[in-house]
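Data block below; observations after.
The values are calculated or read from the model by the stated rules, or taken from the named source; none is laboratory data. Predicted, not measured: the structure shown is a model, and the values here were computed from it. As a convention, Cβ positions derive from the backbone with ideal geometry for all residues, glycine included, and neighbour counts pool all protein chains shown. Heads up: the accessible areas ignore ligands, DNA and RNA and are worked out on the full protein's heavy atoms, side chains in. Shrake-Rupley method; radii C 1.70, N 1.55, O 1.52, S 1.80 Å.
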Amino acid sequence: MPEWVSERDLLANGVRLFCLPHAGSGAAAFYRWKRLLPAGVSVCPVMLPGREIRIAEGALLRVSEIVDALHEAVKGSLDRPFAIFGHSMGALLAFEWAQRIAGDGLRGPACLFVSGRNAPHLPFRHRGLHKLADAEFVAELNVRYGGVPEGFLEDADMREFFLPILRADLEVVETYEYQVMEKLGVPVQAFAGVDDRSVSEDGLARWSEITNGPFSVRRFPGDHFYHLGVGQAELLRVIAETLG
């Protein structure tokens with residue numbers, strides 16, 4: 001069976017914090033968190049197919065496919081307290097996984113941290129981005145989310161490696177259709193960067209509508225990628241306090 005979460009991470013002590021990445025990214029985005037979070041939190045980055053050590057595998061193109069495969073691989077490791085963090089595309093996957101866990105009658109996460117995305121039941125602002133020609137695709141990504149390296153299109157190796165991953169992930173996001181389900185019964189915290197143009201105040205606040213549990217909203221210094229930059233330290237402090 002493909003390794004969705006490192007066995008070493010699962011064996012570490014502490015509350016398991018499963019981390020789901022944004023589009024075009026992977027488990028490596030969270031490796032630094034292992035050093036920065038206290039020993040009581042075991043960071044467990046989720047490794048998606050089609051990138052990093054799973055680059056030889058075909059990417060999954062639907063939220064349901066990813067969540068089904070992840071859940072089957074990891075559900076045996078939900079036997080002690082855990083939490084889920086997802087950023088942008090990862091927030092969508094985190095929410096759907098929490099729904100799948102609840103549907104199986106398993107104990108839910110100590111907290112669901114959703115970051116960098118409007119609530120899943122709100123209309124998504126773009127649908128055909130992943131079908132655009134390379135230059136237009138990259139330009140639109142940069143306008144909406146930022147973070148595209150300068151000269152990306154001119155670097156043939158970088159373009160050949162990352163564009164298929166980005167397109168696959170954007171297809172995952174753009175083909176998602178929210179299904180009305182029972183509300184979760186777990187605490188939810190919704191995060192975003194202060195300067196994140198992709199997340200509205202209303203869109204962040206309406207994550208409250210997916211749970212009957214405690215809910216809070218917080219913005220951190222930075223843009224869409226605050227969790228890897230200037231807002232990271234404050235974000236991790238909040239996560240550590242929540243799980244402490």
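Here are a few things to note about the model shown:
- Glu154 vs. criteria open to solvent by 20 Å² or more (accessible area, probe 1.4 Å), over 26 Å from Phe85 (Cβ atoms), in a loop (DSSP other than H, G, I, E, B) and out of contact with any Leu (no Cβ under 9 Å at 6 or more places or on another chain): yes
Yes/no matrix, rows are residues, columns are (1) assigned to a helix (DSSP H, G or I); (2) farther than 24 Å from Leu112 by Cα; (3) open to solvent by 50 Å² or more (accessible area, probe 1.4 Å); (4) modelled with pLDDT under 80:
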site	(1), (2), (3), (4)
Phe137	yes, yes, no, yes
Leu163	yes, yes, no, no
Leu170	yes, no, no, no
Glu182	no, no, yes, no
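- Residues being open to solvent by less than 70 Å² (accessible area, probe 1.4 Å) and free of Cβ contacts under 8 Å to residues at least 12 places away in the same chain - total across the range 197-244: 1
- Only one of the numbered conditions (1) on the phi > 0 side of the Ramachandran plot; (2) of a type outside the set (Val, Ile, Thr); (3) in contact with a Lys or Arg (Cβ under 8 Å, 6 or more places away or on another chain) is violated by Gly116, and that is (3).
- Qualifying position, being open to solvent by 10 Å² or more (accessible area, probe 1.4 Å), closer than 20 Å to Lys183 by Cα and of a type in the set (Gly, Ala, Ser), among Gly90, Gly105, Gly146, Gly128: Gly105
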